[in-house]
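Quick notes on the structure that follows.
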Amino acid sequence: MSKISKAFFCQNCGYESTKWLGKCPSCEQWNTFVEEVIDTGKSAQQNSWREPRKGSGHIISLDDVESGEQKRILTRDAELNRVLGGGIVPGSLVLVAGEPGIGKSTLFLQQALQLQNILILYISGEESEQQIRMRADRLKLRNENFYLLTETDTQVIFQEIKKLKPQLVIVDSIQTLQSRYVESTPGSVSQIRACTAELQHFAKSTQTPVFIIGHITKDGSIAGPKILEHIVDTVLQFEGDQHYLYRILRTIKNRFGSTSELGIYEMTGDGLRQVSNPSEMLISEKDEPLSGIAIAASMEGMRPMLIETQALVTHSVYGTPQRTVNGFDLRRLQLLLAVLEKRGGFQFGVKDVFLNIAGGLRVEDPSIDLAIISALLSSYNDQPVPHHYCFAGEVGLSGEIRPVNRIEQRIAEADKLGFEKIFISRVNRKGLDPGKYKIEIVMSGRIDELYRQLF
Ligand code: TYD
Ligand code: MG
């Protein structure tokens with residue numbers, strides 16, 4: 001009789017335990033442990049992809065290892081190439097994570113159909129062949145080297161792969177795959193892990209790049225691809241607000257390139273379209289200046305991007321003033337309000353404050369502080385900030401304006417888009433040549449100084 005071993009897994013982070021636990025010691029979530037069968041006694045043939053890995057089990061001098069750098073596959077999409085660090089690396093395992101419905105299947109179907117000269121296998125466990133065909137028709141793309149397989153059993157998948165010998169494999173999605181060597185249901189932690197391990201083995205031993213699509217939810221409550229992050233080579237996150245058209249493909253981890261890259265897309269009626277100049281689309285055109293609006297010269301990844309910040313400051317009708325944010329960290333807003341109150345003497349304590357980043361974006365760049373402060377003050381005073389002003393600076397606890405990185409790139413972008421003034425920290429002055437730009441560079445050291453310069 002074969003021995004069956006079981007274990008309990010945290011469905012949130014994948015933590016393994018021999019007994020049930022109420023609270024996960026790793027991610028501190030409650031009630032996330034589920035018992036899963038991890039070994040059905042067939043462990044001798046653990047991987048269904050069994051071909052010896054090239055060079056495995058031998059010691060080799062690093063100098064004798066061939067560098068695979070030159071052989072990257074370039075896709076037709078400049079954004080994707082950049083996000084991957086310069087094209088697809090042979091044998092790499094790339095996880096594409098995103099919320100359901102954000103457009104992962106659309107993006108990768110589109111990418112695959114555009115890659116004309118290599119053999120591609122698209123494995124779908126979610127959609128039927130007809131559905132995929134309909135989507136391809138909608139994207140108005142055709143590709144004779146593109147093959148479909150609607151299957152979820154990894155053994156069958158590898159049999160087909162051996163026959164077809166594709167040069168690129170896309171799996172949509174990892175949550176639907178099922179390995180025969182693990183007995184738990186598809187989508188459970190041990191299944192996701194086992195299937196990814198098999199795909200990794202396949203990718204490394206045949207030098208075929210594999211893209212794995214995985215769903216995550218906002219709170220990460222389903223067995224998510226989070227647990228795969230350390231297995232795969234690259235993690236891309238596809239994000240955006242479903243109510244807006246813009247989507248961002250962000251590198252979270254990349255063994256073959258920088259993690260500060262980012263691709264911007266727009267969802268249209270016939271698929272996703274690259275956005276090569278995001279600043280223009282994020283700033284709304286207005287005839288007359290409105291109060292509470294300020295433009296931040298921020299950086300998204302390595303790219304400068306001008307983003308509109310909007311604030312509304314109103315008199316509070318309830319005892320506790322409200323603070324509501326969209327696309328920005330609430331605690332950061334509270335901190336900035338406290339700085340304005342204490343260092344500038346503005347009475348935000350009796351005001352409701354609403355803050356919004358236009359376009360449904362989420363911004364993490366601290367340089368946006370200065371624009372937010374300006375938007376808040378503008379709404380507080382009900383005095384508009386002129387259209388053609390923009391801001392780049394971080395605000396410190398004592399009300400000082402702190403320097404930000406890549407200031408020249410930010411200034412150049414604002415200059416290119418026709419802004420007339422950019423407000424930055426005085427500390428950023430070093431090494432800056434204002435004569436290079438048409439835009440006027442205004443430097444200030446503290447928020448009260450900025451206030452005098454603005455109003
Ligand atoms: P999908 O790729 O199925 O999302 P995911 O695989 O991440 O779950 O995309 C879903 C949404 O994209 C769907 O709600 C409709 C929209 N969409 C368009 O707006 N235009 C298009 O051309 C396509 C194919 C989809
Ligand atoms: Mg999908």
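Working from Cα positions, state the angle (0 to 90°, nearest 10) between the long axis of helix 369-381 and the longest principal axis of the chain.
Taking Cα atoms only, the helix is inclined about 50 degrees.
Which angle from 0 to 90°, rounded to the nearest 10, does the C-alpha axis of helix 407-416 make with the longest principal axis of the chain?
Computed tilt is about 80 degrees.
Starting from the range 138-175, pick out the trypsin sites (Lys or Arg not before Pro) whose DSSP state is loop and whose Cβ has at most 12 other Cβ atoms within 10 Å.
For trypsin sites (Lys or Arg not before Pro) across the range 138-175 that sit outside H, G, I, E and B with at most 12 neighbouring Cβ atoms in 10 Å, the list reads K140, R142.
Do the sum for the chain: with -39,500 (n - 2.57) for every DSSP H run of n ≥ 4, divided by all residues, what is the mean residue ellipticity at 222 nm, to the nearest 500 deg cm²/dmol?
-7000 deg cm²/dmol
Per the 1.4 Å probe, what fraction of the accessible area of the chain, in percent, lies on carbon and sulfur atoms?
Carbon-and-sulfur percentage of accessible area, whole number: 49.
Keeping every protein chain present and rolling a 1.4 Å probe, give me the accessible area per residue for the chain in Å².
Solvent-accessible surface per residue comes out at 48 Å².
Would you list Y437, Y451 from the most to the least accessible area, probe 1.4 Å?
Final ranking, largest accessible area leading: Y451, Y437.
Please work out whether the range 110-161 counts as rounded, prolate or oblate from its C-alpha gyration tensor, where a ≥ b ≥ c are the square roots of the eigenvalues and a/c under 1.5 means rounded, while otherwise a/b larger than b/c means prolate and anything else oblate?
Taking the square roots of the gyration eigenvalues as a ≥ b ≥ c, the range 110-161 is oblate.
How high is the relative contact order of the chain? Use alpha-carbon pairs under 8 Å, at least six apart in sequence, and give a whole percent.
With pairs under 8 Å counted, the relative contact order is 12 percent.
Run the 1.4 Å probe and let me know the accessible area of W20, rounded to the nearest 10 Å².
Rounded to the nearest 10, that gives 130 Å².
Of all trypsin sites (Lys or Arg not before Pro) in the range 326-364, which ones are in loop regions per DSSP and have a Cβ with at most 16 other Cβ atoms within 10 Å?
Loop-located and lightly packed - R362.
In this model, which of K71/K416; K6/K162; K104/K204 are farther than 29 Å apart at the alpha-carbon?
Violating the 29 Å Cα-Cα cut-off are K71/K416; K6/K162.
Between N31 and R323, what is the FRET efficiency for a Förster distance of 45 Å, r being their Cβ-Cβ separation, to the nearest 0.05?
0.90
What is the range 93-132 by shape, rounded, prolate or oblate, if you read a ≥ b ≥ c off the alpha carbon gyration tensor as root eigenvalues and call it rounded for a/c under 1.5, prolate for a/b larger than b/c, and oblate otherwise?
The shape class here is oblate.
So in the chain, which Cys have no other cysteine's beta-carbon sitting under 4.7 angstrom from theirs?
Within the chain, the cysteines lacking a partner Cβ under 4.7 Å are C195, C390.
By its C-alpha gyration tensor, with a ≥ b ≥ c as the square roots of the eigenvalues, how is the range 243-343 shaped: rounded for a/c under 1.5, else prolate for a/b larger than b/c, else oblate?
prolate
The values are calculated or read from the model by the stated rules, or taken from the named source; none is laboratory data. None of the values given here were measured: they were computed from a predicted structure. Methodologically, a virtual Cβ is constructed for each residue, glycine included, from the backbone with ideal geometry; neighbour enumeration extends over all protein chains shown. SASA here: full protein model, heavy atoms, side chains in, ligands and nucleic acids out. Shrake-Rupley method; radii C 1.70, N 1.55, O 1.52, S 1.80 Å.
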